1. Provide the gained length on full extension for the span residue 32 to residue 18, in nm with one decimal, where the gain is 0.36 nm per separating residue minus the Cα-Cα distance.
2. Note down the nm distance, to one decimal, between modelled labels 7 Å out along Cα→Cβ at residue 67 and at residue 51.
3. I'd like to compare 51-57, 17-23, 41-47, 27-33: which one has the highest average count of other Cβ atoms within 10 Å, and what's the full order after that?
4. Counting Lys +1, Arg +1, Asp -1, Glu -1, what net charge surrounds residue 22 among other residues with beta carbon under 10 Å of its beta carbon?
Amino acid sequence: MPTKASQTTPRTYKIRITPDRVLGPLDMDRVKQLVAKGRILGDEPTAIPPFASWSPFASYPELSELRSEEHTSELQSRETI
């Protein structure tokens, strides 16, 4: 019998980085990479499947945490300079 974890599909996101450009669907690993590179700043409109409505990036708790983690590591980098 399959376990519940194997039945769940990882959440994906679409992120509008400009009025004419949407990235995605992106998995969490790719979102983390783009946040780390500064391509996603954390205030972009974001959608989850079925991608019918858009909400602020930070309105998704798991994405808001990424933004906080990036800000924290940025501050730590500045302190070591």
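1. 3.2 nm is the gain from fully extending residue 32 to residue 18.
2. 2.2
3. 41-47, 27-33, 51-57, 17-23
4. Result for the local shell: +1.
We did not get these values from a lab; they are worked out from the coordinates using the rules stated. Predicted model only: the values in this text are computed from it and were never measured. Every residue, glycine as well, gets a Cβ built from its backbone with ideal geometry; the counts of neighbours run over all protein chains shown.
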